[in-house]
Amino acid sequence: MSALLRQIPANIPQDIRKIRIENSHLTELPRGSFENVSALEYLWLNFNNITVMHIKSLEYLPALKELRLQGNKLSSVPWTAFQDTPTLKILDLKHNRLDVLPEHALRYLPNLTYLDLSSNQLTIISRDVFYNWPVYQRSQRTEGPLEAISNAVLALHDNPWICDCRLRGFVQFIKSVGPPIILMNSYLTCSGPKFRTGKFFHEVELNSCTKPLTSALDTNLTVPAGLNITLTCFVQASPSPAVWWTYALKLLRAFNGKHLPAVSTEPISDDTVRSELLIPAARPADAGNYTCTAANFLGNASVAINLRVVAPWASTTPRGWAPAVPAEPGAHVEVRIAKQTVYGITLEWFAAAAAAAEPGETWYTLLVGRYDAAQKDTIYIGPGVNTYSVTDLLPATKYEVCVAVRNQAPRKGQCVVFVTGSDVSQMEQREKLIHIVVIVCAMVLAVPAGMYACTAEALPGCLARCPSACPRRRRGGPAQAAGSKESTLDSLPAGSEDGLCRPDGGRGARRSPERQEPGKARPPHRNSADLY
């Protein structure tokens, strides 16, 4: 007891009838462990660390009557090893890690009167394990009195039984078993599936196993963009199947994240599960076929759902912005340029208090494209995001970006119109980006060098007056030394004036002291400001 033994001693006397080694450091039973003690009848090896038992570890033990291996770490047992112990009556394997009982596990234990398999990891076993047990077979014979057959105690409790169709035969066996086989604890309980956890075997009725059958309420869906979409499929199968979703040959896993699909699967009855795929803020790019596939050991099946995503309102008119749905009073979005780079601008916006009941749940729609484009790109922005960068722009091109609360059309002041510079390469060569302030019809916006901006509130008056109000600036001249600001502006490609509107433009803009000489022809080159 509690000795530091790491193997079975080799010098055991030959006439020993009982060996008890407990709480020691034994890790295996090798072949021929007891070949010199053929008279052994009782072998107790409880509470060691035995993980391996050789198929010939019990060789030369024809008189063994009792084998106790409680509290070890056996995950499997070589059941054919018991061919060498025909007189074995007690086999104690409780508190191990056994998770499988082969169909013929008990074939070579014809004289057992006590078998303890409790407190292991058994989940599914076949009733044929016991139908092939000689003790049970003798009890089923009609000839001869039953009194002549010895009782056999069977302990199977405290295992994590999964009560689905695969356990159906074993549950029926437990319900019908009787003397000479006696259950130490007849109240075996289910550990799964979840809806049967804690139920006793005599409380459940298990169906036969079936191949998965998949279905969906609607296999063709058309939904407006920007909404959270849930695709649902139902699966009838036993045992409960594994279910997964695929889209464009990609597996959609069961995770949750902003702007990412999320998969959830749960049982709704004994043999039916429901699987849902949530697509947050559906976009036109999310359209396509989504496939729900289910599989168990009998086979697999799948159903495809076709999703079509359409814009919630028309976005093809560049001006006017007639709402597709009535706008809510006060649902206004303030837009400003928050950052400028040589590649584009970053917009920042915030909704007025009445734009949405919960700002954290407000969705936005961005319309981005060339100012004169008949149709602009639509981008849907989820809750909690209030910035967007417009990049990869063409030089010397007028663009328009509008921001609106979902299901509303953009209003005046919710759009930014800007023109990119005509000399991008020169800007990229600068070590330091120079920011300027451009005054467009009394609307002040901070934009990068070579870029001009105007909000939709300036339409149409500003854009109508600016072509005549914004003359080309002549490079060079004595006035360049008038001040640092003029000097800075002169160094920019496709530059602008301090005042872009003439006095006759109605906005009271300043006039620069240096102007083009009367009668001098305007150069044919079109820079960015000419696009106004």
Within the stretch 175-202, residues being in a loop (DSSP other than H, G, I, E, B) and either of a type in the set (A, V, I, L, M) or crowded, with 16+ Cβ neighbours inside 10 Å (or both) number 4
Those residues of the stretch 61-88 which are assigned to a loop (DSSP other than H, G, I, E, B) and either polar (S, T, N, Q) or without any contact (Cβ under 8 Å) to a residue 12 or more places away in the chain (or both) amount to Q70, N72, S75, S76, T85, T87
* Look at A39 and say whether it is of a type outside the set (S, T, Y), touching a Ser or Thr at 6+ places or on another chain (Cβ under 8 Å), open to solvent by 20 Å² or more (accessible area, probe 1.4 Å) and over 17 Å from T80 (Cα atoms). => no
Selection over the stretch 26-36 where residues are in a loop (DSSP other than H, G, I, E, B) and either surrounded by fewer than 18 Cβ atoms within 10 Å (Cβ to Cβ) or of a type in the set (S, T, N, Q) (or both) yields a count of 7
Test: residue in the stretch 154-163 that is aliphatic (A, V, I, L, M), at pLDDT below 95 and in a loop (DSSP other than H, G, I, E, B):
no
Within the stretch 42-73, residues open to solvent by 10 Å² or more (accessible area, probe 1.4 Å) and more than 52 Å from the chain's Cα centre (by Cα) come out as Y42, E59, Y60, P62, A63, K65, E66
I434 passes all but one of the listed conditions (1) of a type outside the set (D, E); (2) open to solvent by 10 Å² or more (accessible area, probe 1.4 Å); (3) at pLDDT 80 or above; the exception is number (3)
When restricted to N11, N23, the only residue under 22 Å from I90 (Cβ atoms), without any contact (Cβ under 8 Å) to a residue 40 or more places away in the chain and open to solvent by 70 Å² or more (accessible area, probe 1.4 Å) is N23
Would you check if there is a residue in the stretch 308-329 being aromatic (F, W, Y), within 24 Å of P280 (Cα to Cα) and modelled with pLDDT of 50 or more? yes
G198 vs (1) out of contact with any Cys (no Cβ under 6 Å at 6 or more places or on another chain); (2) touching a residue at least 60 places away in the same chain (Cβ under 8 Å): all pass except (2)
*Among the residues of the stretch 225-232, is there at least one that is over 30 Å from I124 (Cβ atoms), under 16 Å from the mean Cα position of the chain (by Cα) and of a type in the set (G, A, S)?*
no
Among L122, L91, the single one that is crowded, with 19+ Cβ neighbours inside 10 Å and either among the polar types (S, T, N, Q) or not in a loop (DSSP other than H, G, I, E, B) (or both) is L91
Screening R336, R411 for residues that are modelled with pLDDT of 75 or more, farther than 21 Å from A282 by Cα and of a type in the set (D, E, K, R) leaves only R336
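The values are calculated or read from the model by the stated rules, or taken from the named source; none is laboratory data. What you see is a predicted model, and the numbers here were worked out from it, not measured in a lab. Using ideal geometry, Cβ is built from the backbone for each residue, glycine included, and neighbour counts are taken over all protein chains shown. What goes into the accessible areas is simple: the full protein's heavy atoms, side chains included, and nothing from ligands, DNA or RNA. Shrake-Rupley method; radii C 1.70, N 1.55, O 1.52, S 1.80 Å.
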